[in-house]
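Note sheet for the following structure.
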Amino acid sequence: MSSAAAPVLLIGGWTLAAAVQRGGFDQVTGTISALAARDADHREVMTAALAAVGVCHLTTAAALRSAGRPARVLYGVGGAATVLVAAFPLPAGDGNSAAHTAAATVAFGALAAWPAIVRRPADRVAAAALLALVAWFAAELATDGAHVGLAERAAAGTQALWPLLAALRPRT
């Protein structure tokens, strides 16, 4: 259930949080973190969604025994870091936060890399795809790209969906 709840909470959270922003919100250019920033309208929507997604990842990591302990630990680190992303919001304005950036970096990295440790061909392909999406997001961030929000949503959404697919597949 936790692996099914994570993508619903994440996508539902960013959709609802964007909808309640005065003046609108462009999800192609705006980041998920901007929806939970200290000056966002109804920031509690995205903050609660991020915290809940982190808890879902932690719960799934504890239950996904077929992935093996090292992968589950790395996945759990990603879940804990996601909770910290919620705990360390971006400041008002277009400011940066070292704690937020560190937590988001760990979360994106761990949530992309854990399938590589599972040692199944499908998981390695998934890890490569997840890492490529994170690389796209990082490139958009580094260059102030026009699609930073889209790249982040592609990476984060896929990272939230993969554990559900991993949990549903038959054990081999």
Taking Ala127 and the conditions (1) part of a helix (DSSP H, G or I); (2) closer than 16 Å to Ala36 by Cα, which numbered condition does it fall short on, given that it satisfies the others?
(2)
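Return the residues of region 82-102 that are out of contact with any Ser or Thr (no Cβ under 8 Å at 6 or more places or on another chain) and either closer than 18 Å to Thr59 by Cα or crowded, with 19+ Cβ neighbours inside 10 Å (or both); say none if nothing qualifies. Give the derivation first.
Let us first name the residues in region 82-102 that are out of contact with any Ser or Thr (no Cβ under 8 Å at 6 or more places or on another chain), namely 82-84, 87, 92-99, 101-102.
Result: Thr82, Val83, Leu84.
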Residue check, Phe108 closer than 24 Å to Val28 by Cα, within 10 Å of the chain's Cα centre (by Cα), in a helix (DSSP H, G or I) and among the aromatic types (Phe, Trp, Tyr)
yes
Looking only at region 114-121, decide whether some residue is touching a Lys or Arg at 6+ places or on another chain (Cβ under 7 Å), under 20 Å from Met1 (Cβ atoms) and modelled with pLDDT of 95 or more.
no
Being in contact (Cβ under 8 Å) with a residue 24 or more places away in the chain and more than 17 Å from the chain's Cα centre (by Cα) is true for just one of Ala167, Ala129, Ala142, Ala113. Which residue is that?
Ala167
Do you know which of the residues in region 61-100 that are among the polar types (S, T, N, Q) and over 14 Å from the mean Cα position of the chain (by Cα) is modelled with the highest pLDDT?
Ser97
From the options Ala156, Ala160, Ala166, residue that is at pLDDT below 95, surrounded by 22 or more Cβ atoms within 10 Å (Cβ to Cβ) and assigned to a helix (DSSP H, G or I)
Ala166
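Report whether or not Thr15 is out of contact with any helix residue (DSSP H, G or I) (no Cβ under 9 Å at 6 or more places or on another chain) and within 20 Å of Arg153 (Cβ to Cβ). Write out each step before concluding.
On the way: out of contact with any helix residue (DSSP H, G or I) (no Cβ under 9 Å at 6 or more places or on another chain): yes; within 20 Å of Arg153 (Cβ to Cβ): yes.
Spelling it out, Thr15 is indeed out of contact with any helix residue (DSSP H, G or I) (no Cβ under 9 Å at 6 or more places or on another chain) and within 20 Å of Arg153 (Cβ to Cβ).
State the number of residues belonging to region 9-50 that are of a type in the set (Phe, Trp, Tyr) and open to solvent by 40 Å² or more (accessible area, probe 1.4 Å). Steps first, please.
Quick first cut of region 9-50, residues of a type in the set (Phe, Trp, Tyr) only: 14, 25.
Imposing the further condition that a residue be open to solvent by 40 Å² or more (accessible area, probe 1.4 Å) reduces the set to 25.
Qualifying residue count, region 9-50: 1.
The values are calculated or read from the model by the stated rules, or taken from the named source; none is laboratory data. All values reported here derive from a predicted model rather than from experimental measurement. All Cβ positions, glycine included, derive from the backbone under ideal geometry; neighbour counts span all protein chains shown. When the accessible area is computed, the model is the full protein with side chains, heavy atoms only, and any ligands, DNA or RNA have been set aside. Shrake-Rupley method; radii C 1.70, N 1.55, O 1.52, S 1.80 Å.
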